[in-house]
Every structure is written in C-alpha cells, then in structure tokens.
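To keep things clear, I will list the structure first and then write my remarks on it.
The values are calculated or read from the model by the stated rules, or taken from the named source; none is laboratory data. Just so we're clear, the structure is a prediction, and the values are computed from it rather than from any experiment. Positions of Cβ are generated from backbone atoms using ideal geometry, with glycine treated the same way; all protein chains shown enter the neighbour counts. Accessible surface is based on the protein model in full, side chains and every heavy atom, while ligands, DNA and RNA are left aside. Shrake-Rupley method; radii C 1.70, N 1.55, O 1.52, S 1.80 Å.
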Amino acid sequence: MRTAYISHPDCREHDTGEGHPENARRLSAIEDRLAASGLADVLRHVEAPLVTDAELLRVHTRHHLDTVSAAIPAQGYRRLDPDTVVCPHSLAAARRAAGAVVAAVDLVAGGSMDSVFCGVRPPGHHAEADRAMGFCLFNNVAAGAAHALAEHGLDRVAIVDFDVHQGNGTEDIFADDDRVLFCSTFQHPFYPFTPLPGNTVNRVNVPLDASAASAEFRAAVSDHWLPALDNFRPQMVFVSAGFDAHEDDDMSNVRLADADFRWVSEQIVGVAARSASGRIVSTLEGGYELQSLARCVELHLRVLMGL
Ligand SMILES: [Zn+2]
C-alpha cells in the first residue's frame with residue numbers, strides 16, 4: 001500500500017503555553033518514533049498546504065473564520081475557552097492542519113496514494129461550524145470530507161472517530177448531511193458534555209462507560225460501526241484518530257491497549273477495502289501520553305501500510 005504522512009513545521013509553532021497537554025512534543029514523539037522504527041523511510045512525506053477560505057467555508061461560517069483570525073494575539077497567548085489557547089503562530093498551524101486533510105483527499109482521490117495520515121495540530125473534531133473549542137480551531141476532518149464531496153464527485157463518505165471525546169464539531173457540521181456517515185465511540189458522560197447525540201441511519205454514536213476497556217470498545221465497533229459502515233458503503237473513509245482512550249493516557253478513564261488501536265485500524269482498513277478501494281484519510285486528534293501516542297500512531301500506520 002502507498003501511504004503518505006502529511007505535516008508541516010508550522011504545526012509545531014502552535015504554542016499553547018506551559019503545561020498544556022496539547023503541545024508540540026506530541027508531534028516530536030510521533031515523528032521520532034517513525035524515524036527510529038524505519039517507517040519514516042518508506043512513507044511518502046508531503047508538506048501540508050494552507051487551507052483556503054473557500055475550503056473552510058464549506059464547513060465553517062464566515063463569522064467563525066473572522067473570530068479565529070481576530071483572536072490571534074500579536075504576542076503572548078489568548079484563551080478562546082478554558083482549554084483552547086492561541087499564540088501568534090496558531091492561525092498558520094490551524095490552516096496547515098486543515099490543509100493537510102484537504103491535500104490528503106486530493107492524493108487519495110487522485111489515486112497517487114492509497115492512504116494518508118495527517119500528523120498535524122491543532123486537532124479539529126470539537127470545532128463546530130461557528131465555534132472553536134476543546135483545543136480545536138478548525139474542523140480538519142470535516143474540511144477534508146467536504147472537499148471530497150464537493151471536488152471529487154463522491155456521494156458517500158464515512159468519518160470514524162475513536163478519540164475518547166465525542167466529536168461534537170463533526171456531528172454539528174454534518175448534522176443534516178446524509179452523504180456523511182459518522183461513527184464514534186467516546187467516554188460518556190464526559191467532555192464535551194453535550195447531550196448524548198441521537199442515532200440515525202447516518203449517526204452511530206456509541207457511548208462507553210468510564211470503566212470500559214478493550215471488550216466494550218471492540219463490541220461497540222463490531223456490533224454498531226461495522227454493520228452501519230458496510231451497509232453505507234462509503235467511497236472514502238476518514239479517521240479522526242485520537243489515542244486518548246489509551247490506558248496510559250490520563251486524559252480519560254477508558255483503558256484501551258496498544259492492541260486495540262491496531263485492531264480498530266484493521267477493521268477500518270477492512271471497511272475501506274470492501275467499499276472504498278482502500279482509500280483512507282486519517283488525521284490526528286487527541287492522545288497526550290507521549291509514549292503510548294507514538295507507539296499507537298506507528299501501529300496505526302503499519303496497518304494502513306499493510307505491514
Ligand atoms: Zn480527545
């Protein structure tokens with residue numbers, strides 16, 4: 001399988017301040033691990049472009065773009081909510097992060113790559129059409145999915161989200177769009193503390209109890225995600241790849257192991273092989289314990305690459 005890794009140095013310049021869990025060391029840990037394991041040598045490396053306003057406006061309001069731009073400080077930090085901090089370089093980072101997913105779609109839809117992993121930050125799945133929150137400025141995966149629908153003639157795309165937090169932003173943006181199947185697992189009740197979303201034919205939200213571990217997670221995917229995905233037959237599969245449900249990550253109570261991230265990646269590859277000619281665009285969301293994050297991204301990439 002031909003797999004690309006898209007990132008950009010600007011993504012490291014998004015400084016969230018001392019002690020913030022969503023920091024540039026996350027990308028360093030991932031990229032150091034990919035280099036040490038030798039995977040970096042067999043991935044195609046692509047620099048993320050800046051997303052355009054037109055690409056963002058498919059999923060965000062003009063008001064949101066203006067609000068984020070106006071919030072960027074000339075120096076120091078500014079807080080958009082209790083968790084979401086921006087610095088002078090944050091807008092460029094956010095535009096690279098969303099641009100990465102859009103560029104990934106072009107690579108995969110154009111057939112030059114089978115799959116792409118976007119090693120980017122800030123993450124995106126909490127960003128709603130008109131609101132930044134939860135470390136997220138723009139909804140990167142949503143910008144990519146909308147691009148696939150608008151520019152590549154696709155009728156059906158799936159977004160699967162295994163971050164431990166519910167992807168309220170993605171849910172919000174595609175609430176009325178039946179071209180998008182959204183499947184997620186998340187600890188509940190938990191951040192973002194939005195009401196438990198109702199499930200429809202296009203929404204497969206599976207809450208996990210705080211005590212959940214491998215068995216509950218795998219049952220959620222096997223019993224709920226996979227039948228919906230195989231019924232929907234997505235033409236491209238997007239992944240909101242968050243690794244904060246790992247047992248070593250103290251951002252949540254759910255206790256998944258490395259093997260669970262490998263397993264769910266294998267299930268996603270299976271779905272994509274059955275209906276989407278193997279086309280997968282995956283992007284980093286959460287994951288804050290650096291060692292488990294780096295190991296699980298490596299495992300995820302190995303599965304995408306067929307290794
Ligand atoms: Zn998360």
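For the stretch 27-87, please list each of the helices (runs of 4 or more DSSP H) lying entirely inside it that holds at least 3 residues being open to solvent by less than 20 Å² (accessible area, probe 1.4 Å).
Where helices (runs of 4 or more DSSP H) fall fully within the stretch 27-87 and carry at least 3 residues being open to solvent by less than 20 Å² (accessible area, probe 1.4 Å), they are 62-71.
Filter the stretch 223-247 down to residues that are in contact (Cβ under 8 Å) with a residue 40 or more places away in the chain and either touching a Pro at 6+ places or on another chain (Cβ under 6 Å) or part of a helix (DSSP H, G or I) (or both) and give me whichever is farthest from His125 (Cα to Cα).
Asp230
Does Phe261 fit the bill of being of a type in the set (Phe, Trp, Tyr), touching a residue at least 24 places away in the same chain (Cβ under 8 Å) and closer than 24 Å to Asp155 by Cα?
no
Would you check which residues across the stretch 104-123 are open to solvent by 10 Å² or more (accessible area, probe 1.4 Å) and either modelled with pLDDT under 95 or closer than 14 Å to Ala148 by Cβ (or both) and list them?
Once the filter is applied, which keeps residues that are open to solvent by 10 Å² or more (accessible area, probe 1.4 Å) and either modelled with pLDDT under 95 or closer than 14 Å to Ala148 by Cβ (or both), the stretch 104-123 yields Asp106, Leu107, Ala109, Gly110, Gly111, Met113.
Would you mind finding the one in Gln267, Gln187 that is open to solvent by 10 Å² or more (accessible area, probe 1.4 Å) and modelled with pLDDT of 95 or more?
Gln267
Leu137 fails exactly one of the following numbered conditions: (1) touching a Pro at 6+ places or on another chain (Cβ under 6 Å); (2) within 16 Å of the ligand (Cβ to nearest atom); (3) open to solvent by 10 Å² or more (accessible area, probe 1.4 Å). What is the number of that condition?
Answer for Leu137: the failing condition is (3).
Going through the stretch 1-26 one residue at a time, which ones are in a loop (DSSP other than H, G, I, E, B), under 19 Å from Gly110 (Cα atoms) and touching a Lys or Arg at 6+ places or on another chain (Cβ under 8 Å)?
Residue satisfying the conditions is Arg2 alone.
Any idea which residue in the stretch 229-259 is farthest from the ligand (Cβ to nearest atom), counting only those that are open to solvent by 50 Å² or more (accessible area, probe 1.4 Å) and among the polar types (S, T, N, Q)?
Residue satisfying both the conditions and the ranking: Asn231.
Within the stretch 140-171, take every residue that is within 16 Å of the ligand (Cβ to nearest atom) and among the acidic types (Asp, Glu) and give me the one that is surrounded by the fewest Cβ atoms within 10 Å (Cβ to Cβ).
Result: Glu171.
Any residue in the stretch 91-103 that is in a loop (DSSP other than H, G, I, E, B) and surrounded by fewer than 24 Cβ atoms within 10 Å (Cβ to Cβ)?
Within the stretch 91-103 (the criterion being in a loop (DSSP other than H, G, I, E, B) and surrounded by fewer than 24 Cβ atoms within 10 Å (Cβ to Cβ)), the answer is no, since none of the residues qualifies.
Pull out all pairs, ordered by first then second residue, where Cβ-Cβ is under 6 Å, the residues are six or more apart or on different chains, the first lies in the stretch 204-222 and is free of Cβ contacts under 8 Å to residues at least 40 places away in the same chain, and the second is of a type in the set (S, T, N, Q) and outside any loop (DSSP other than H, G, I, E, B).
Asn205/Ser184; Val206/Thr185; Ala220/Thr185
List pairs: first residue in the stretch 75-99 and of a type in the set (Asp, Glu), second residue open to solvent by 30 Å² or more (accessible area, probe 1.4 Å) anywhere in the structure, Cβ distance under 8 angstrom, at least six positions apart or on different chains.
Final answer for the pair search is Asp83/Phe135.
Going by what's in this entry, would Ala132 be described as open to solvent by 10 Å² or more (accessible area, probe 1.4 Å) and of a type in the set (Gly, Ala, Ser)?
On the way: open to solvent by 10 Å² or more (accessible area, probe 1.4 Å): yes; of a type in the set (Gly, Ala, Ser): yes.
Yes, satisfied.
Go through Val164, Val160 for me and flag whichever is touching a residue at least 60 places away in the same chain (Cβ under 8 Å) and in a strand (DSSP E or B).
Val160
Mind checking which residues of the stretch 270-304 are open to solvent by less than 20 Å² (accessible area, probe 1.4 Å), assigned to a loop (DSSP other than H, G, I, E, B) and not acidic (Asp, Glu)?
Those that are open to solvent by less than 20 Å² (accessible area, probe 1.4 Å), assigned to a loop (DSSP other than H, G, I, E, B) and not acidic (Asp, Glu): Ala276, Gly278, Gly286, Gly287.
Given Val68, Val120, which one is touching a residue at least 40 places away in the same chain (Cβ under 8 Å), of a type in the set (Val, Ile, Thr) and away from the ligand (no atom under 16 Å from the Cβ)?
The unique qualifying residue is Val68.
Which residues, taken from the stretch 142-176, are within 22 Å of Phe261 (Cα to Cα), in contact with an Asp or Glu (Cβ under 8 Å, 6 or more places away or on another chain) and of a type in the set (A, V, I, L, M)?
Answer for the stretch 142-176, where residues must be within 22 Å of Phe261 (Cα to Cα), in contact with an Asp or Glu (Cβ under 8 Å, 6 or more places away or on another chain) and of a type in the set (A, V, I, L, M): just Val164.
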